[in-house]
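Have a look at the structure below, then the notes.
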Amino acid sequence: MDFNKMLYPTDFSGPSSEALAFATSLARDNAAELLICHVFEPPVPVQGMVKAPTITAATADEQRERLHSIRPLDPAVKFEHRMVDGLPSHGIIALAETEGIDLIVMSTHGHSGLKRLILGSVAESVIRDAPCPVLTLKQPDPKQSDGAS
């Protein structure tokens with residue numbers, strides 16, 4: 001399978017940052033271009049809140065600046081940045097479709113139970129609806145021990 005253009009979505013979390021190393025090595029080994037993206041999800045004011053959060057241009061600009069600071073760990077890898085607005089899974093899928101992405105490399109937070117029910121799973125939605133293969137990287141649970149001390 002040829003991977004010419006790969007998508008690495010980031011939410012700026014630790015697990016997402018860890019996935020960058022893997023995305024970089026895959027892009028390098030396949031001589032692929034890496035598209036580094038962030039989906040900006042403006043907060044939705046909820047009625048009944050004492051003070052609804054306000055979205056400012058500075059917030060979007062700060063995230064855009066943070067996105068542009070992310071670079072492949074190997075300087076030989078060609079890359080571009082994209083920031084899109086909307087729901088994370090929808091933005092990732094739409095970008096993969098419009099850019100002709102061959103592979104999406106992303107992290108998963110591994111939430112379960114109530115946290116997953118409330119937050120949903122971006123990775124699960126992307127896997128289900130993406131137009132290309134999706135490689136997800138789950139970070140080890142620091143609470144679990146292999147017994148070695």
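With a Förster radius of 22 Å, plug the Cβ-Cβ distance of residue 94 and residue 22 into 1/(1 + (r/R0)^6) and report the FRET value to the nearest 0.05. Efficiency at R0 = 22 Å is approximately 0.40. With a Förster radius of 22 Å applied to the C-beta separation of residue 125 and residue 76, the computed FRET efficiency comes to 0.10. Peptides 62-73, 88-99, ordered by how many other C-beta atoms sit within 10 Å of their residues on average, highest first, read 88-99, 62-73.
In the neighborhood of residue 32, defined by Cβ-to-Cβ distances under 14 Å, what is the net charge if each Lys or Arg adds +1 and each Asp or Glu adds -1? Spelling it out: positives minus negatives among the neighbours equals -4. Counted by Cβ distance under 14 Å from residue 103, the other residues give a net charge of -4, where Lys and Arg count +1 and Asp and Glu count -1. Computed 3J(HN,Hα) for segment 16-32, one whole-Hz value per residue from the Karplus formula 6.51 cos²θ - 1.76 cosθ + 1.60 where θ = phi - 60°, is 5, 5, 5, 5, 4, 4, 5, 4, 4, 5, 5, 5, 4, 5, 9, 6, 9, glycine and proline marked x.
Here, each number is a calculation from the coordinates, and none is a lab measurement. Here the structure is a predicted model, which means the values were calculated and not measured. In this analysis, Cβ positions are derived from the backbone assuming ideal geometry, glycine residues included, and neighbour counts consider all displayed protein chains.
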